[in-house]
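One structure below.
The values are calculated or read from the model by the stated rules, or taken from the named source; none is laboratory data. In this text, all values refer to a predicted model and were calculated from it rather than measured experimentally. A quick note on method: Cβ atoms are made from the backbone with ideal geometry, for glycine too, and the neighbour counts reach across all protein chains shown.
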Amino acid sequence: MTETAHLTETRSAYDAVAVDYAALVTAKLPELPLDRALLGAFAELVRAAGGPVADLGCGPGHVTAHLAALGVEAFGLDLSPRMVALARRAYPGLRFEVGSMTGLDLPDGRLGGVLSWWSIVHTPRELLPRVFAEFQRVLAPGGHALLGFHGGDDEHVRRDQAYGHRVALDVHFARPDGIAGLLAEAGLVVTASMWAAPEQGRRRPSAYLFARKPG
Ligand SMILES: C[S@@+](CC[C@H](N)C(=O)[O-])C[C@H]1O[C@@H](n2cnc3c(N)ncnc32)[C@H](O)[C@@H]1O
């Protein structure tokens, strides 16, 4: 099957920015109390559900490591081989694989949780149903999903610079209710939705959704 252009572009952009992106975001998590609180709630939910948690679009792996430090059996997956290489080097005790959320090389119904932390932001809206169908497929009954993404009206911007590098990359913004509707269509039950004003260096609002696979 031929790969969609957005995957080729996104991989190549994150391969280019990987080192600078990793330095920036790894230092930022301690400055984001709201993010850490929501990740803490997710950790509690998935520990109770049992089963491993996939951090899909894990980037340099710092959030995977954060979940692991909270007692979650977490592993990471990312489109960008350079991101995965950085994550493996930084967290040698954890598992990181190259792959795409649009077609996960994971069995049906085994995961206690799926985290998508600012990783759907490069996926065109029309492809999100395919991504969320994968979340639904790989989650065990009773498993949880947590999504964080750029809040905004449904729009995207085309970037030619990121983290000091020339890139070609679309960044998508979305309203939580729109994404919640797509999760529901995929068979997930949305349990919480949140909208946060820009904080600590984020220029846009942040949106967060918790969802659960029935069962
Ligand atoms: C904005 S970064 C977020 C990284 C990390 N989750 C964080 O919070 O810093 C987006 C990441 O998602 C990855 N990504 C984008 N589309 C993906 C896809 N279809 N499958 C897997 N990873 C993807 C990119 O390679 C990049 O590492």
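Give the residues of region 126-145 that are charged (D, E, K, R) and surrounded by 15 or more Cβ atoms within 10 Å (Cβ to Cβ), sorted by residue number. The answer is GLU134, ARG137. Here is the figure for region 201-215: residues that are outside any strand (DSSP E or B) and more than 27 Å from ARG11 (Cα to Cα) total 3. If you scan region 85-122, which residues turn out to be polar (S, T, N, Q), under 16 Å from GLN136 (Cβ atoms) and part of a loop (DSSP other than H, G, I, E, B)? Listed by number, the list holds a single entry, THR102.
The condition of being modelled with pLDDT under 95 and β-branched (Val, Ile, Thr) holds for only one of VAL171, VAL167, that being VAL167. All of ALA43, ALA22, ALA13, ALA18 fail the test of being of a type in the set (Gly, Ala, Ser) and more than 10 Å from the ligand (Cβ to nearest atom), apart from ALA43. Filtering region 165-187 to residues that are in a loop (DSSP other than H, G, I, E, B) and in contact with a Pro (Cβ under 8 Å, 6 or more places away or on another chain) leaves ALA186, GLY187.
Which residue is nearest to ASP35 (Cα to Cα), if the candidates are limited to region 52-70 and must be part of a strand (DSSP E or B) and under 11 Å from the mean Cα position of the chain (by Cα)?
Of everything passing the filter in region 52-70, ASP55 is nearest to ASP35 (Cα to Cα).
Among the residues of region 195-215, those identified as modelled with pLDDT under 95 and among the charged types (D, E, K, R) are GLU199, ARG202, ARG203, ARG204. With respect to the conditions (1) crowded, with 16+ Cβ neighbours inside 10 Å; (2) more than 22 Å from THR4 (Cβ to Cβ); (3) among the small types (Gly, Ala, Ser); (4) more than 15 Å from the chain's Cα centre (by Cα), GLY148 falls short on a single one, namely (4). Listed conditions (1) in contact (Cβ under 8 Å) with a residue 40 or more places away in the chain; (2) in a strand (DSSP E or B) are all met by VAL190, apart from (1).
Taking LEU128 as the residue in question, decide whether it is part of a strand (DSSP E or B) and modelled with pLDDT of 95 or more. Break it down into steps so the answer makes sense when it comes.
Working: part of a strand (DSSP E or B): no; modelled with pLDDT of 95 or more: yes.
Criteria not met by LEU128.
Anything in region 71-83 that is under 14 Å from the mean Cα position of the chain (by Cα) and either within 9 Å of the ligand (Cβ to nearest atom) or assigned to a helix (DSSP H, G or I) (or both)? List them, or say none. Residues satisfying the conditions are GLY76, LEU77, ASP78, LEU79, SER80, MET83. Quick one: count up the residues across region 1-36 that are within 18 Å of ALA87 (Cβ to Cβ), buried (at least 17 other Cβ atoms within 10 Å of the Cβ) and aliphatic (A, V, I, L, M). Summing the residues that are within 18 Å of ALA87 (Cβ to Cβ), buried (at least 17 other Cβ atoms within 10 Å of the Cβ) and aliphatic (A, V, I, L, M) in region 1-36 gives 6. All conditions in (1) β-branched (Val, Ile, Thr); (2) more than 9 Å from the ligand (Cβ to nearest atom); (3) modelled with pLDDT of 95 or more; (4) closer than 29 Å to ARG125 by Cβ hold for THR2, with the sole exception of (3). Quick one: would you say GLU134 is assigned to a helix (DSSP H, G or I), within 15 Å of the ligand (Cβ to nearest atom) and not polar (S, T, N, Q)? Yes: the conditions hold for GLU134. Checked against (1) near the ligand (Cβ under 10 Å from one of its atoms); (2) without any contact (Cβ under 8 Å) to a residue 60 or more places away in the chain; (3) out of contact with any strand residue (DSSP E or B) (no Cβ under 8 Å at 6 or more places or on another chain), VAL98 passes all but a single condition, namely (3).
A count restricted to region 137-158 and to residues that are of a type in the set (Val, Ile, Thr) and part of a strand (DSSP E or B) stands at 1.
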